[in-house]
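What follows is a single structure, written as structure tokens, with notes after it.
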Amino acid sequence: MLDVRKTDSASGAPAEDFGKPPIYPLAAWQSAGRTLIPGKPIPPEEIPDYTIKRDDRTEIFAPALMARLKALNGFVKATGERLEGGIFYWHGDDAYHDSPPAPDLAPARRNLWRAVRFKNSMLEIGVNAGHSALLALSANPRLTYTGVDLGVHKYTDECVRYLAAEFPGRVRYIQGDSRQVLPELAANRSEWSFDLYHVDGGHTDDVCRADVGNCVRLAEGRRGKHLLLDDVNASWIFDVYCEFVAQGRLATETFFGDWEDVNRNVLARIL
Ligand SMILES: C[S@@+](CC[C@H](N)C(=O)[O-])C[C@H]1O[C@@H](n2cnc3c(N)ncnc32)[C@H](O)[C@@H]1O
């Protein structure tokens, strides 16, 4: 996550409660998202490990998710490396290990939930500490996950191995530069099928353009494919997104206003 926050530090659950599932109220600026009448109660065994309350969009984290997050954070801490930002913590948040998920990243997490919940197979560029992988796998128990990462962080490998053990048969990892890996996948398209692409890897406009273009090519000719692009708060990333929309290759998806437009991540149908 590229952090361009101002001084907004909405309060969250206290750090010492990290083991407990936190529940956050919405901050005033988190305005988007439809207000829905909740349906019939869901039996507890059918509630995914990450979901949101339909009436007020409160995040619900199962204890299993919190335990896994803590384990991932432990692998990061053990390397002594700084955590690169992601869906749970901002870049440069040195207190991540003892902290619950950043409250002001809740809209981005809810958007990821909106993007994955009816999908089957996700390809993510930018695994980092496996945080967005954990959220996606927790939000949708049917989802299989394939992650691509340069592997520049010492912790990524161990985080992925942990997730693969926690979610048997649902996690694949390809270490390498997405600009090489994705064309290789495209060359063997019959073996790879994804219905959701998450672009959250290299943050220069060149890498982003290559990643979006390669995802669009991988998805070509297939139905129901979506692309989730992160960090659209960076003007050069937003411009790449606009290029593809202008070329008629992507169309913004809002789920009739349910998507939270918080200048963070955007979802598009691949045309
Ligand atoms: C912002 S982090 C991803 C955060 C993660 N998606 C999350 O939300 O928890 C970016 C990751 O992209 C990886 N990366 C950067 N450039 C890349 C490239 N060209 N190919 C593959 N991975 C890349 C980095 O190694 C880093 O782990």
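Residues in the range 26-41: is at least one surrounded by fewer than 19 Cβ atoms within 10 Å (Cβ to Cβ) and either assigned to a helix (DSSP H, G or I) or at pLDDT 90 or above (or both)? Within the range 26-41 (the criterion being surrounded by fewer than 19 Cβ atoms within 10 Å (Cβ to Cβ) and either assigned to a helix (DSSP H, G or I) or at pLDDT 90 or above (or both)), the answer is no, since none of the residues qualifies. A count restricted to the range 207-230 and to residues that are more than 15 Å from the ligand (Cβ to nearest atom) and buried (at least 24 other Cβ atoms within 10 Å of the Cβ) stands at 1. In the range 179-188, the count of residues that are surrounded by 24 or more Cβ atoms within 10 Å (Cβ to Cβ) and modelled with pLDDT of 95 or more is one or more. Filter the range 142-155 down to the residues that are closer than 16 Å to GLU81 by Cα and either more than 6 Å from the ligand (Cβ to nearest atom) or among the basic types (Lys, Arg) (or both) and list them by number. Scanning the range 142-155 gives GLY151, LYS154, TYR155. When you scan the range 148-156, do you find a residue that is surrounded by 20 or more Cβ atoms within 10 Å (Cβ to Cβ) and among the acidic types (Asp, Glu), even just one? Within the range 148-156 (the criterion being surrounded by 20 or more Cβ atoms within 10 Å (Cβ to Cβ) and among the acidic types (Asp, Glu)), the answer is yes, since at least one residue qualifies.
Among the residues of the range 120-129, is any more than 9 Å from the ligand (Cβ to nearest atom) and either surrounded by fewer than 19 Cβ atoms within 10 Å (Cβ to Cβ) or modelled with pLDDT under 95 (or both)?
Checked the range 120-129: at least one residue is more than 9 Å from the ligand (Cβ to nearest atom) and either surrounded by fewer than 19 Cβ atoms within 10 Å (Cβ to Cβ) or modelled with pLDDT under 95 (or both).
Sort out which residues of the range 254-271 are surrounded by fewer than 17 Cβ atoms within 10 Å (Cβ to Cβ) and farther than 25 Å from GLU191 by Cβ, and write them in order of number. Lay out the reasoning, then the answer.
Going through the range 254-271, the residues surrounded by fewer than 17 Cβ atoms within 10 Å (Cβ to Cβ) turn out to be 254-258, 261, 263, 269, 271.
Across the range 254-271, the qualifying residues are THR254, PHE255, PHE256, GLY257, ASP258, ASP261, ASN263.
The values are calculated or read from the model by the stated rules, or taken from the named source; none is laboratory data. All values derive from a computational prediction rather than experimental measurement. All Cβ positions, glycine included, derive from the backbone under ideal geometry; neighbour counts span all protein chains shown.
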